[in-house]
Amino acid sequence: MKELNGTFEVGEVNKTPVNQKFPYSFREFETWDEVLGSVDYPTKELLALVNSHEKASAKANEYQKVTLPYRPDPNSKEQKRQVLINNLVKTFGISVEVATQQIDAIIASKEAETVTA
């Protein structure tokens, strides 16, 4: 088992700027025997952890499969257009109407450029 250190950065919390890095330490087990020998991870808890992971993974995979027909194709032009509009609204706080006009103008100019080329 190794004791390792890392850092993480907190930029903003509830609109309050923090902008600091914080250290943390953690253990990295090198063998399964080390895990089983650890008093922090009794076999019963490890079994529950594995079973919980299996259940969550199976549910997540099935969710992705059954919801696929209901989700927009992220590669479609319309979906990409909507993402751009949403980004303008969220990033710069402009209205949906203005964002839509701007994105549509950019798309129209690119399409016109392609036609004349």
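Each reported figure results from applying straightforward, stated rules to the coordinates on display, with no laboratory input. Remember, it's a predicted structure, so these values are computed and weren't measured experimentally. Cβ atoms come from the backbone with ideal geometry, glycine included; neighbour counts cover every protein chain shown.
Send over the semi-axes of the chain's equivalent ellipsoid, whole angstrom and largest first, taken as the square roots of 5 times the C-alpha gyration tensor eigenvalues. The partial results should precede the final answer.
Working: eigenvalues 441, 119, 39 Å².
Largest first, the chain gives 47, 24, 14 Å.
Whole-Hz Karplus ³J(HN,Hα) for segment 31-37, in order, using 6.51 cos²θ - 1.76 cosθ + 1.60 and θ = phi - 60°, x for Gly and Pro?
Residue by residue, segment 31-37 yields 9, 5, 4, 5, 5, 5, x Hz.
Counting only other residues whose beta carbon sits under 14 Å from that of Tyr63, what net charge do I get with K and R as +1, D and E as -1?
Details: positive: Lys55, Lys59, Lys65, Arg71; negative: Glu62.
Spelling it out: positives minus negatives among the neighbours equals +3.
DSSP loop trypsin sites (Lys or Arg not before Pro) in segment 8-117 with at most 16 other Cβ atoms within 10 Å of their Cβ, which ones?
Loop-located and lightly packed - Lys15.
Going toward the positive end of the dipole of segment 1-40, with +1 on Lys and Arg Cβ and -1 on Asp and Glu Cβ, which of Val13, Leu36, Met1 do you reach last?
Val13
Rounded to whole Hz and in sequence order, give me ³J(HN,Hα) for segment 72-80 from the Karplus expression 6.51 cos²θ - 1.76 cosθ + 1.60, θ = phi - 60°, writing x for Gly and Pro.
x, 6, x, 9, 6, 4, 5, 5, 5
So how strong a dipole does the chain carry about its Cα centre when Lys and Arg Cβ are +1 and Asp and Glu Cβ are -1, to the nearest 20 debye?
Dipole about the Cα centre, nearest 20: 400 debye.
Under the definition of Cα pairs under 8 Å and six or more residues apart, what whole-number percent is the relative contact order of the chain? Walk me through the numbers before you get to the answer.
Numbers: 68 pairs, mean separation 15.6, N = 117.
For the chain, the relative contact order is 13 percent.
Work through the residues other than Asn87 whose Cβ is under 14 Å from its Cβ and net out their charges, Lys, Arg +1 and Asp, Glu -1. Let's see the in-between values first.
Values: positive: Lys80, Arg81, Lys90; negative: none.
Residues near Asn87 contribute +3 overall.
At a 10 Å Cβ-Cβ cut-off, how would you order Phe92, Phe29, fewest neighbours first? Show your work: numbers first, answer last.
Working: Phe92 9, Phe29 14.
By the 10 Å Cβ count, ascending, the order reads Phe92, Phe29.
Which whole-Hz couplings ³J(HN,Hα) result when phi for each residue of segment 101-112 is put into the Karplus expression 6.51 cos²θ - 1.76 cosθ + 1.60, θ = phi - 60°, listed in order with x for Gly and Pro?
4, 5, 5, 5, 5, 5, 4, 4, 5, 5, 5, 5
Contour minus end-to-end for Arg71 and Val115, with contour as 0.36 nm per residue of separation and end-to-end as the Cα-Cα distance?
Values: separation 44, 0.36 × 44 = 15.84 nm, distance 3.15 nm.
Taking Arg71 through Val115 to full extension adds about 12.7 nm, to one decimal.
Quick one, can you get me the convex hull of the C-alpha atoms of segment 1-40 expressed as volume per residue in Å³? Walk me through the numbers on the way to the answer.
Values: hull volume 3.4 nm³, N = 40.
Convex hull of Cα atoms, per residue: 85 Å³.
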